[in-house]
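K.L.:
Could you have a look at this structure, given as structure tokens, before my questions?
None of the figures in this text is laboratory data; all of them are computed from the coordinates on show. If you're wondering where the values come from, they're calculated on a predicted model, not measured in any experiment. As a convention, Cβ positions derive from the backbone with ideal geometry for all residues, glycine included, and neighbour counts pool all protein chains shown.
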Amino acid sequence: MDKLKIAYFGSPNFSADFLEKILADKSLPVEVEFVVTQPDRPAGRKRILTPCPVKKLAGQKNLEVLLIEDLKSNKDLGIKDLDFVLLYAFGKIIPKELLNLPKYGFLNVHPSLLPKYRGPSPIATPLVNGDKTTGVTLIRMDERIDHGPIIAQEKIDILPDDRRPDLEKKLTDLAYRVFGKVIISLIHQPATALNTSEQDDKKATYTKLLNKTDGFIEFMNLKLKILNSPKELFDLFRGLYPWPGLWTLVKIKGFEKRLKIVDMGFKDGKLTIKKVQLEGKKEVDWKTFKKGYDII
């Protein structure tokens, strides 16, 4: 069986997990010719230049890696001889002139039920909103973000205790199954495998890029939410875990310090703070923290 030649575009951990599934699956008729990802970024307190997870994996697997900051300045990238380009959480806009160069164009795995939750945070947002279902969509890309026609889509339940890493794994596993089915169809029924249906723009919703301040809650507001809207607060915690996380500011010996909520639980309508971490200190359980610091 001839293999489909592809390039893979991606960046974060769950995208690396997807790429690893492709590389490990000997039954999948796909050959990854090269990987395109973003340049190394400063990370950690010391701001050390660090490669993204997709680059790390590609290096371990001896794949050619192209580090692209601006796709507009990189002509055709050598993709015109490929069957298709696959994207999963790449994080850059693809110029219109590149989209039709591969035989079947650019395919994008998006971890939501498009047209719902277009944009950069489709995994965190349904958790924050308390949704009970989400899913994955495979689209053929056009020049608009997450707008292209749908090739395949499947739904999954969100469990009450799912946090973002849990949902990332579940959606990546589901996405790979969906992708695998499409690839097998493409090999055996190339004329119909990529039949598509248009998205309904009237039903489109959008997500925003998460930043550190999204997890900030004023201390008095935090206490009120624990009492009056605990489920809403727990959903926010689940969606923002582990980064940017929920955090507040507390006064310790006259100085304002950042307090991160490391772990929470929600059962029978009651929210429990389990672990916290004070700025410059190690994480501790909530009871120990309250004994050491008189802030409530």
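K.L.:
Any lysines with Cα under 24 Å of the residue 56 Cα? List them, leaving off those in the same chain fewer than 8 positions away.
P.N.:
Residue 56 reaches 5, 21, 26, 46, 92, 169, 170.
K.L.:
In whole angstrom, and with the biggest value first, how far do the Cα coordinates of the range 212-292 range along each principal axis?
P.N.:
34, 27, 21
K.L.:
Greater than 23 Å separation of Cα atoms is the criterion. Which listed pairs, 3/103; 61/155; 3/96, meet it?
P.N.:
Numbers: 3/103 14 Å; 61/155 32 Å; 3/96 27 Å.
Too far apart for the 23 Å limit: 61/155; 3/96.
K.L.:
Given the peptides 133-144, 245-256, arrange them by the average over their residues of other C-beta atoms within 10 Å, most packed first.
P.N.:
The packing order, highest mean first, is 133-144, 245-256.
K.L.:
Pick from 16, 89, 191 the residue whose mean-square fluctuation is largest in a GNM of the chain, springs joining Cα atoms under 10 Å.
P.N.:
Ranking 16, 89, 191 by mean-square fluctuation puts 191 first.
K.L.:
Simple spin-label model, 7 Å along Cα-to-Cβ: residue 231 to residue 64 in nm?
P.N.:
The two pseudo-label positions are separated by 5.3 nm.
K.L.:
Related question: So if each residue of separation counts as 0.36 nm, and I subtract the Cα-Cα distance between residue 100 and residue 285, what length gain in nm does that give?
P.N.:
Details: separation 185, 0.36 × 185 = 66.60 nm, distance 5.42 nm.
61.2 nm is the gain from fully extending residue 100 to residue 285.
K.L.:
Right, something else. Connecting C-alpha atoms closer than 10 Å in a GNM of the chain, tell me which of 115, 165, 190 has the biggest fluctuation.
P.N.:
In the Gaussian network model the winner is 190.
K.L.:
Given a cut-off of 23 Å, what percent of all Cα-Cα pairs of the range 1-130 lie beyond it? Intermediate values should be presented prior to the final figure.
P.N.:
Values: 3050 of 8385 pairs.
Counting pairs separated by more than 23 Å, the tail of P(r) holds 36 percent.
K.L.:
Rounded to whole Å and sorted largest first, list the principal axis extents of the Cα atoms in the range 75-122.
P.N.:
Principal axes ranked by extent give 32, 17, 14 Å for the Cα atoms.
K.L.:
Running a GNM on the chain with Cα contacts under 10 Å, which residue among 36, 54, 276 ends up with the highest mean-square fluctuation?
P.N.:
In this elastic network of the chain, the residue with the biggest mean-square fluctuation among 36, 54, 276 is 276.
K.L.:
Packing-wise, with mean Cβ within 10 Å as the measure, how do 197-204, 235-242, 262-269 rank, highest first?
P.N.:
On the way: 197-204: 11.2, 235-242: 21.0, 262-269: 13.5.
Output ranking for 197-204, 235-242, 262-269: 235-242, 262-269, 197-204.
K.L.:
Helix-only estimate, please: 222 nm mean residue ellipticity of the chain, summing -39500 (n - 2.57) across DSSP H runs of length 4 or more and dividing by its residues, to the nearest 500. Before the final figure, lay out each step's value.
P.N.:
On the way: 7 runs with 78 residues, N = 296.
Helices in the chain give a 222 nm mean residue ellipticity of -8000 deg cm²/dmol.
K.L.:
Quote to one decimal, in nm, the extra length available between residue 31 and residue 192 on full extension: 0.36 nm per residue of separation minus the C-alpha distance between them. Write down the numbers at each step before the final one.
P.N.:
Values: separation 161, 0.36 × 161 = 57.96 nm, distance 2.15 nm.
Gain on stretching residue 31 to residue 192: 55.8 nm.
K.L.:
Cα centroid distance between the range 177-195 and the range 229-296, in Å?
P.N.:
47 Å
K.L.:
Given (i) 29; (ii) 45; (iii) 40 as candidate values of percent of Cα pairs over 30 Å apart, which corresponds to the one derived from the coordinates?
P.N.:
(iii)
K.L.:
Of the beta bridges DSSP finds with both residues in the chain, what % are antiparallel, to the nearest 5?
P.N.:
Working: 33 of 54 bridges.
Beta bridges within the chain, antiparallel portion: roughly 60 percent.
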